[in-house]
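Input: a single structure, listed below in structure tokens.
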Amino acid sequence: MVDFAYNALAKDGRHINGTISAASREDALTALKTQGNKPLSIKEATPSSIPKFSLGGKSVKSRDVVVFTRELSTMISAGVPLPRGLGTLADQAEAPYLKKVLRGVNHDVEAGVSLADSLAKYPKVFNDVYINMVRAGEAGGILDDILKRLATQVEKEASMRKKIRSAMAYPIVILTVTIIAFFGIMIFILPKIDGILKDLGGPNAKLPVYSQALLNVSGFVQKYAIPIVVLSVIFIFAFKHYIGTEKGKYRWHGLILRTPVIGKVIAKIAIARFARTFSSLMTAGVSVLDSLEVTSKAVGNRVIQKEIMNVASEVKNGQPLGKQLVNAKYFPPIVGQMITVGEETGKIGEVLVKVADFYDEEVDVLIDSLTSIIEPVMIILLGALVGLIAASVMGPIASLSKNVSG
């Protein structure tokens, strides 16, 4: 399919323009005439000729997408024409960005562009999975059912992200406080204590090894504070740039998967996403290979994405999907076994939903366990840091005070 940019006269005499997908220019002309439009000009669309909406780096909240999806599904089920439904939802939308997006989508649909192609112009709002499921729903005449599935899927994804953020909030706060406290003590407090120790015991006073080591670290941090900050900022930017590349992102995702506990959580999240997305696409009538390609991009990990595409290559060569997943590195054998059962019974969609629900519960348990472990560990580390500093400072002061008294 190719996108063609066109200019035409509508039935009511209005000048309209937009893009339409067709196999050839002749098919695009035929489609426009079938819609009652009189084409004035039509040519293959270039990236600059396809109108796009920029979100300025911002995105629409998942909750707003869920509400829009459910309401559009209800309107279509009630027999409301798609352009009218989109126009109504655009007027009712509270989020400014979503309002603009829906108006743009409504304009395209009124001009004859399919809903999926219209949504594809706004990738920061509607991802590949969403667009491909809508396309499948339009092709199969079950758009209302597909939108209901999509709303449920978006809700579950948003719920999962919320749980992960909640689990990580406390450890991040503790870690931040620990780092700030460490540098504050090293730069502002220990230099003054160093002066007190020298006043009590003289410049040649011998301090315990751990006390001297801590004072040496304080002196180093105080002397090179600015270079340390600058180098840290440079490192952060360089790291973000590196993991923004395909090679860097692949290696980073591989490292995360090899990290104890965290790697297991990430893998289970990816499996749950795979199962739920693949189930929805297969139920919508999308082919196995197309479903695997779209789903691989939705799992959120480049290493697992590559593994899914390797499985897709074997399936393309005639191998059963379930058998290939049984031998996959990051997929537990039970996933492949259940898919094999689904293939044999013709109920692969239902089986995958059960797999997704199972791994969603597994992720919840793992996150709760991880949180219960991280919180006391962070508190112990913070307490150990404070205790080390107190012992390194108060011990020598007490010893030197006795010497002075004696």
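Given the conditions (1) touching a residue at least 24 places away in the same chain (Cβ under 8 Å); (2) buried (at least 19 other Cβ atoms within 10 Å of the Cβ); (3) under 22 Å from Ala284 (Cβ atoms); (4) not aromatic (Phe, Trp, Tyr), which single one is not true for Asp128?
(2)
Quick check, is Val353 surrounded by 21 or more Cβ atoms within 10 Å (Cβ to Cβ), β-branched (Val, Ile, Thr) and either under 24 Å from Glu155 (Cα atoms) or at pLDDT 90 or above (or both)? Working first, answer last.
On the way: surrounded by 21 or more Cβ atoms within 10 Å (Cβ to Cβ): no; β-branched (Val, Ile, Thr): yes; either under 24 Å from Glu155 (Cα atoms) or at pLDDT 90 or above (or both): yes.
Judged against the criteria, Val353 is not a match.
Among the residues of the range 273-299, count how many are buried (at least 22 other Cβ atoms within 10 Å of the Cβ), over 16 Å from Val154 (Cβ atoms) and of a type in the set (S, T, N, Q).
2
Report every pair of residues separated by at least 6 positions or lying on different chains whose Cβ atoms are under 9 Å apart, first residue within the range 300-326 and on the phi > 0 side of the Ramachandran plot, second of a type outside the set (Phe, Trp, Tyr) and at pLDDT below 90.
Pairs found: Gly300/Ile266; Gly300/Ile269; Gly300/Ala270; Gly300/Arg273.
Using the structure shown, decide if Ser291 is without any contact (Cβ under 8 Å) to a residue 24 or more places away in the chain and in contact with a Leu (Cβ under 6 Å, 6 or more places away or on another chain). If you could, list the steps in order and put the result at the bottom.
On the way: without any contact (Cβ under 8 Å) to a residue 24 or more places away in the chain: yes; in contact with a Leu (Cβ under 6 Å, 6 or more places away or on another chain): yes.
Against the criterion (without any contact (Cβ under 8 Å) to a residue 24 or more places away in the chain and in contact with a Leu (Cβ under 6 Å, 6 or more places away or on another chain)), Ser291 qualifies.
Under 7 Å by Cβ, and 6 or more places apart or on different chains, what pairs join a residue from the range 142-159 that is more than 13 Å from Arg70 (Cβ to Cβ) and without any contact (Cβ under 8 Å) to a residue 40 or more places away in the chain with one that is of a type outside the set (Gly, Ala, Ser) and surrounded by fewer than 16 Cβ atoms within 10 Å (Cβ to Cβ)?
none
Would a scan of the range 132-147 turn up a residue that is closer than 26 Å to Lys100 by Cβ and surrounded by fewer than 20 Cβ atoms within 10 Å (Cβ to Cβ)? Steps first, please.
Residues of the range 132-147 closer than 26 Å to Lys100 by Cβ: 132-135, 137-138, 143-144, 146-147.
Okay, now just the ones that are also surrounded by fewer than 20 Cβ atoms within 10 Å (Cβ to Cβ), so 138, 144.
Scanning the range 132-147 turns up at least one residue that is closer than 26 Å to Lys100 by Cβ and surrounded by fewer than 20 Cβ atoms within 10 Å (Cβ to Cβ).
The values are calculated or read from the model by the stated rules, or taken from the named source; none is laboratory data. Not measured: the values here are computed from a predicted model. Using ideal geometry, Cβ is built from the backbone for each residue, glycine included, and neighbour counts are taken over all protein chains shown.
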